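Below is one structure, written out as structure tokens, with a few remarks after it.
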Amino acid sequence: MRKSIEPGSETYQSEGIPFLRVANISKHEISDTAIYLNEKEFNNNNLKPEKDTILFSKDGSVGIAFKLEENINAITSSALLHLKVKGDNVLPDYLTLVLNSKLVQLQAERDSGGSVIQHWRKEEIENVLIPLLEMDKQIEISNEIKRSFSLRKQSKELLERAKKAVEIAIEEGEEKAFQYIKIELK
């Protein structure tokens, strides 16, 4: 479990290394950010999340987990912990699912404090109860999670193609739109 940095809003820029905050993650995806940091000042590979790292929110909207499928060139705020699975008794996809479950959300609600912004202390997160299933069940669940994310990605791509086809139909006519769709579906 590793905490990142909080560089302060005075270091924010409109270009450079993307800076991800809690608002940029959900249990389904990482959204684009408009905040960047100076590449020379913050180009530290130790701060960049790697494949299979679980980004886990501890401040603000506490208890949101997202597992990275690849290394990313970004820096996260200190409100996002970097969790790495050690050992081989739990799979990262399964752990991410459990961290996003009602069971962990209830623990977060119980433990987090703060009058305006919720804060979940690292020591409390380290003591979260995680139900462990047999490895074959974890593998089965992990495969379904991967399938779900793949289908979600595919549906987003199809939606973008459909939007583009509608734009073409409006601007250039239905025939051009059908041609575009035929090419895209090959």
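Some observations on this one:
- Spatial separation of Cα centroids for segment 86-161 and segment 10-62, in angstrom: 19 Å
- The long axis of helix 102-111 is offset from the longest Cα principal axis of the chain by roughly 50 degrees.
- Among I64, N89, L20 - extreme Cα towards positive end, dipole of segment 2-132, charges at beta-carbon: N89
- Proxy reagent accessibility, fewest Cβ within 10 Å first, across Y36, Y12: Y12, Y36
- Placing R0 at 45 angstrom, the Cβ-Cβ distance between K27 and E175 gives a FRET efficiency of 0.60 after rounding to 0.05.
- Check: segment 1-72 dipole with +1 on Lys, Arg Cβ and -1 on Asp, Glu Cβ, in debye: 320 debye
- Whole-number D in µm² s⁻¹ for segment 133-186, Kirkwood Cα-pair radius fed into Stokes-Einstein, 25 °C, 0.890 mPa s: 185 µm²/s
- Annotation: for a label point projected 7 angstrom from Cα along Cα→Cβ of V128, residues of segment 59-77 with backbone N closer than 14 Å are 59-68.
Taken together, the values in this text are just the output of simple stated rules run on the coordinates, not laboratory data. A quick note: this is a predicted structure, and the numbers were derived from the prediction, not measured. Neighbour counts are summed over all protein chains in view; Cβ atoms, including those assigned to glycine, are modelled from backbone coordinates with ideal geometry.
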